[in-house]
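Have a look at this one before I ask anything.
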Amino acid sequence: MTVSALKPLATSTRVQHELVSVDSLTIDSRVQRREGVKASRVATIAADFNPDALGSITVSRRKNGTLVVLDGAHRCEAARIAEYASPLHALVYDGLTLAQEAAMFNLLNTFQAPSFISRTLAKVVAGDPESTAIVHAIEGHGWKIGLNSDNGVFSALQAAERVYRNGVGTLDVGEHPELLEQTVAFITTTWHRDRESAHQMIVLGVGQLFGRLGEAVDVTKLSKVLAQERPYNIIGHAKSMQALQGGTTPSALAKVLVGMHNKGRRTNLLPEWVWTR
């Protein structure tokens, strides 16, 4: 089976991060290396066992509750040998077929770099203040951090990090939790955790708008106007504007928002958006 054999997952498939015990994990040779784990590699990891280097494993939870390891089998076996008693950080899939499990194994073991979401959530488990603040700001508005595209699932963590760090270029580099909070609150109020609204361009554009113009924005009116539009339509307008005028898509999206804010107003107009970065 090749990497391309992994077709888009069914809408019933769920993925979330969990802490799982080593003893709860199992290996199924049908979706793993047929020859099993390599003893010498396991021995090397176990001999100099470092819990901080375990990273995140990938697991499939089957209908009977069995947790099958798709990526990280060598680390799991080394943890057993080292008698590591603490839980492991795992990306757990529910609803995969056997064929999807096998294709996922191939994919994960061809491209081994962990996702930004996995790295960020691992940092949260490790107690990193910035990652924790970012995740809490998102989850505090009822979102779940994840990789799928269901309603209520927020996957644009890199965009959220850019808002948090410098308002997508509008503020000095530092920590701006209040800006990320305002951005996520606005998106949530406007589109009620619609999956399209968690798109990175929406997050970046809204974050840039509030980073530059802040309290000058009539949040209530703009939210009502935007609620009449699908988020992807807003992104489409921004991409068309960016193609004609140059600059970045997030800045074009912020310009679209300024236009929608000012439409029909005679007072309290926002200044013309001329930023292109």
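The values are calculated or read from the model by the stated rules, or taken from the named source; none is laboratory data. All values reported here derive from a predicted model rather than from experimental measurement. Methodologically, a virtual Cβ is constructed for each residue, glycine included, from the backbone with ideal geometry; neighbour enumeration extends over all protein chains shown. Just the protein is used for accessible areas: all its heavy atoms, side chains included, with ligands, DNA and RNA removed. Shrake-Rupley method; radii C 1.70, N 1.55, O 1.52, S 1.80 Å.
The range 153-277: Rg/Rh from Cα coordinates, Kirkwood Rh? Each step should come with its number before you reach the end.
Numbers: Rg = 13.2 Å, Rh = 14.2 Å.
Using only Cα positions, Rg/Rh for the range 153-277 is 0.93.
Order these peptides, 74-82, 204-212, by their mean beta-carbon neighbour count within 10 angstrom, highest first. Don't skip to the answer; put the middle values down first.
Working: 74-82: 20.4, 204-212: 26.7.
In decreasing order of mean packing, 74-82, 204-212 become 204-212, 74-82.
Please turn the phi angles of the range 23-28 into ³J(HN,Hα) values with the Karplus equation 6.51 cos²θ - 1.76 cosθ + 1.60 (θ = phi - 60°), one per residue in order, whole Hz, x for glycine and proline.
For the range 23-28, the Karplus curve yields 5, 7, 9, 9, 10, 10 Hz.
Please compute the modelled spin-label separation between residue 216 and residue 41, points set 7 Å along Cα→Cβ, answer in nm with one decimal.
Here the modelled spin labels are 5.7 nm apart.
Which of 144/255; 63/144; 123/224 have a Cα-Cα distance over 27 Å? Don't skip to the end; give the middle numbers.
Numbers: 144/255 29 Å; 63/144 22 Å; 123/224 36 Å.
From the list (144/255; 63/144; 123/224), the Cα-Cα distance tops 27 Å for 144/255; 123/224.
Amide H of residue 168 versus every other amide H placed in the peptide plane: which residues, excluding those fewer than 5 positions away on the same chain, fall under 5 Å?
Close amide H contacts, sequence-distant or interchain: 163.
A follow-up question, please. Calculate, for the range 234-274, the solvent-accessible area per residue in square angstrom, rolling a 1.4 angstrom probe over the heavy atoms of the protein chains.
56
May I pose another question? Per the helix-only calculation at 222 nm, which mean residue ellipticity applies to the chain, given -39500 (n - 2.57) for every DSSP H run of n ≥ 4 and division by its residues, nearest 500 deg cm²/dmol?
Values: 11 runs with 127 residues, N = 277.
The helix contribution divided over the chain gives -14000 deg cm²/dmol.
I want to verify a result. In a Gaussian network model of the chain, Cα cutoff 10 Å, which of these has the top mean-square fluctuation: 258, 135, 225?
The residue with the greatest mean-square fluctuation here is 225.
Okay, moving on. Find out how many positive minus negative residues lie around residue 248, taking Lys and Arg as positive, Asp and Glu as negative, among other residues whose Cβ is under 11 Å from that of residue 248. Mind dumping the intermediate values first?
Details: positive: 239, 255, 277; negative: none.
Result for the local shell: +3.
Here is a further query. How large, in percent, is the carbon and sulfur part of the accessible surface of the chain at a probe radius of 1.4 Å?
Values: 7240 of 14380 Å².
Result for the chain: 50 percent of the exposed heavy-atom area is carbon or sulfur.
For the range 188-266 and the range 27-77, what is the centre-to-centre distance using only Cα atoms, to the nearest Å?
That distance is 44 Å.
To continue, here is another question. By what distance, in whole Å, do the Cα atoms of the chain stretch along each of the three principal axes, largest value first?
73, 36, 32 Å, listed from the longest principal axis down.
Sticking with this one: Rg and Dmax of the range 47-144, Cα atoms, in Å?
When restricted to the Cα atoms of the range 47-144, Rg and Dmax are 14.9, 44 Å.
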